[in-house]
Amino acid sequence: MNYVLEFYRLEGQFCLGPLLKRSGGMKGMGIKILGRISPFLATFAILVSACGGRTAAPSTAPTASPAPPSYELWVVDQAETTPTGGGTLYIYKGADLSGGAPAPAYTVNLGEAALGVGDGIGKHGHSIAFNPAMTHAVISYVDSGHVQVIRAADRKVVASIKMTGSAAGPAAPHASAVTPAGDAIIVANQGGKRLQRITADFKNDVYKLDAAADLDLSLLEDADHPGNLPVIPVFTPDGRYVYVPMRGGGSYVVDYQATPMKTVATLGKSAIGPQSCCAAFVKDTVWTTAQGGATTTTTSFNLYQVTGLPDRPVAKKILSRTGNVESHSVILVGQYLWLADRFANTLDIVDQTGDARTISLASGPLAGRDPAPDIMAATPDESRVFVALRGKTPLTSNIKGLDNAVGDVGGFAILTVKDGGRDAVVSSVVALPLAAGASVVDPHGLRIRIIK
């Protein structure tokens, strides 16, 4: 079936991953075309009707195209910089990233920056998000339970809040997202099996955990929802609800404005398999990934399309394959979905009907390497995409013996977008240095900050 759709980009697209990776498998594969490219993405001819009269001459006046907005690339290295945690934040100016060896404009030791602030130092900063105004960043620390707010103007940690655990386990915020209204932070507390809300006043830097808003997902577990560990919050296009995939499979649509927050609809693991991870909205349809298998194995690569939101969701499996594969980060580039596979070292480029092509990222300057691609982010004009590349000693998401998250770069790749998002090439690679106080290099969270 062919579709004609409109596509919208949302700030809330991002993912972090559960676990999984490598022992060969699909590594080093070249470009492979899977399926067909749908007709709705073909070039349309412009027809001029000949009904008499004269056709106006084309204007020769030049049309000025607005310059793309300036931006920064924020990259978080999870490696501890103090005995209790910390990490390193690297901030690159967009204009510097076109050079051969870009250096960060700012480097922030997250251990030192959090000293004396709120609940103090976090451990393993796993994900990063921005508020809509792009004045502040939010970093979620998956091992220590902290959520920190960083003011972009001076790169200071202005809040550090340790989330609450439960009988299900200690607090482990896997990812957070700022509401479209910019008045709260929604936290996917994976370890505590809770969706939590922090009230946020970014103008005055006042933040407080709203315990009354907690949604205890462990109370909703059943045979079709065996592991309600929330992975990531992604807001619906109208901003009214949040879509939350579960590590044990399935997902929930949640009214995050209610107190306490409440579910509106759900899908179980029979609809979306285990190890559900990232999600991205394309208008009113959400596309989400799932690795499948138990938490100690990685057996499949899956992409699902979920329609009927918010209250009548229906999931359809669009892509699936097995082996040493791991569907992970997913973003929208032009009219195409890009999916990173950090086990197979590949990038899948999928059109909105599910037709796909698979490109090896162990190519160009990464030829013969083990990049372990992870989180992705596109520039405002979508001419380039940045991809976090894991290090030799990944601190999160790796399964011992499989080494699904092990890479040999420890930095990020810069991909040049081709053909409106239908193709890409690895144009350059930036390796991060060993940070002061750290013993390894392990980048994970990566986001674009638009400078308004």
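Each residue of the stretch 102-112 was assigned a 3J(HN,Hα) from its phi angle through the Karplus expression (A = 6.51, B = -1.76, C = 1.60, θ = phi - 60°), giving x, 10, x, 6, 9, 10, 10, 7, 5, x, 5 Hz with x at Gly and Pro.
Which net charge results for the neighbourhood of Ala152, defined as the other residues with beta-carbon distances under 9 angstrom from its beta-carbon, given Lys and Arg at +1 and Asp and Glu at -1? Provide the component values of the computation, followed by the final result.
Values: positive: Arg151, Arg155, Arg449; negative: Glu72, Asp154.
Net charge in that neighbourhood comes out at +1.
Here the accessible area is traced with a 1.4 Å probe on the protein chains. For the stretch 187-284, carbon and sulfur cover 51 percent of it.
The alpha-carbon atoms of the stretch 137-206, seen along their principal axes, cover 38, 22, 16 angstrom, with the largest extent given first.
For the stretch 328-452, what % of the accessible area comes from carbon and sulfur atoms, probe 1.4 Å? Display every interim value, and only then the final one.
Numbers: 1750 of 3530 Å².
Roughly 50 percent of what the probe reaches on the stretch 328-452 is carbon or sulfur.
Relative protection proxy for 213-224, 435-446, from highest mean packing down: 435-446, 213-224 (other beta-carbon atoms within 10 angstrom).
Roughly speaking, what is the stretch gain from Arg422 to Asp183, that is 0.36 nm per residue apart minus the C-alpha to C-alpha distance, in nm to one decimal? It would help to have the intermediate numbers written out before the result.
Working: separation 239, 0.36 × 239 = 86.04 nm, distance 3.64 nm.
That pair, Arg422 and Asp183, stretches by 82.4 nm at full extension.
Across the cross-link table entries Lys208/Lys452; Lys123/Lys400; Lys193/Lys269, which are compared at the Cα atoms, the separations over 24 Å belong to Lys208/Lys452. Ranked from largest to smallest solvent-accessible area, with a 1.4 Å probe on the protein heavy atoms, Glu112, Glu326 come out as Glu112, Glu326. For Thr266, the shell of other residues with beta-carbons less than 14 Å away shows a net charge of -2, using +1 for Lys and Arg and -1 for Asp and Glu. The modelled label-to-label distance between Thr393 and Ser70, using points 7 Å beyond Cα along the C-beta direction, is 3.8 nm.
Heavy-atom accessible area with a 1.4 Å probe sorts Lys208, Lys452, largest first, into Lys452, Lys208.
If packing is taken as the average number of other Cβ atoms within 10 Å across a peptide's residues, how do 389-401, 415-427 rank, most packed first? Each step should come with its number before you reach the end.
Working: 389-401: 20.5, 415-427: 17.1.
In decreasing order of mean packing, 389-401, 415-427 become 389-401, 415-427.
Were the residues from Thr259 through Ala431 laid out at 0.36 nm apart, the gain over their Cα-Cα distance would be 57.5 nm. One chain, two ends: Lys283 and Leu220. Fully extended at 0.36 nm per residue, the span grows by 19.8 nm beyond their Cα-Cα distance. Across the stretch 131-269, Cα pairs under 8 Å and at least six residues apart give a relative contact order of 16 percent. Within a straight-line Cα-Cα reach of under 26 Å, Lys418 can be paired with the following lysines, leaving aside sequence neighbours fewer than 8 residues apart in one chain: Lys27, Lys32, Lys93, Lys283. Relative contact order of the stretch 110-211, taken over Cα pairs closer than 8 Å and 6 or more residues apart, is 21 percent. Report, in whole Å, the centroid distance computed from the Cα atoms of the stretch 381-452 and the stretch 116-184. If we compute the Cα centre of each part, the gap is 21 Å.
Projecting the Cα atoms of Ala152, Ser218, Pro170 onto the charge dipole of the stretch 142-219, computed from C-beta unit charges around the Cα centre, puts Ala152 farthest toward the positive end.
If you take every residue apart from Gln78 with its C-beta less than 10 Å away from the C-beta of Gln78, what net charge results, scoring Lys and Arg +1 and Asp and Glu -1? Result for the local shell: -2. Residues Lys317, Lys123, Lys193, ordered by accessible area of protein heavy atoms at a 1.4 angstrom probe radius and largest first, appear as Lys317, Lys123, Lys193.
Here the relative contact order of the stretch 210-289, from alpha carbon pairs under 8 Å that lie six or more residues apart, stands at 26 percent. Computed over protein heavy atoms with a 1.4 Å probe, the accessible surface of the stretch 275-351 works out to 25 Å² per residue.
The values are calculated or read from the model by the stated rules, or taken from the named source; none is laboratory data. All figures in this text were calculated on a predicted structure; none of them were measured in a lab. Cβ: placed from backbone, ideal geometry, glycine included. Neighbour counts: every protein chain shown. Surface areas here come from the heavy atoms of the whole protein model, side chains and all, with no ligands, DNA or RNA. Shrake-Rupley method; radii C 1.70, N 1.55, O 1.52, S 1.80 Å.
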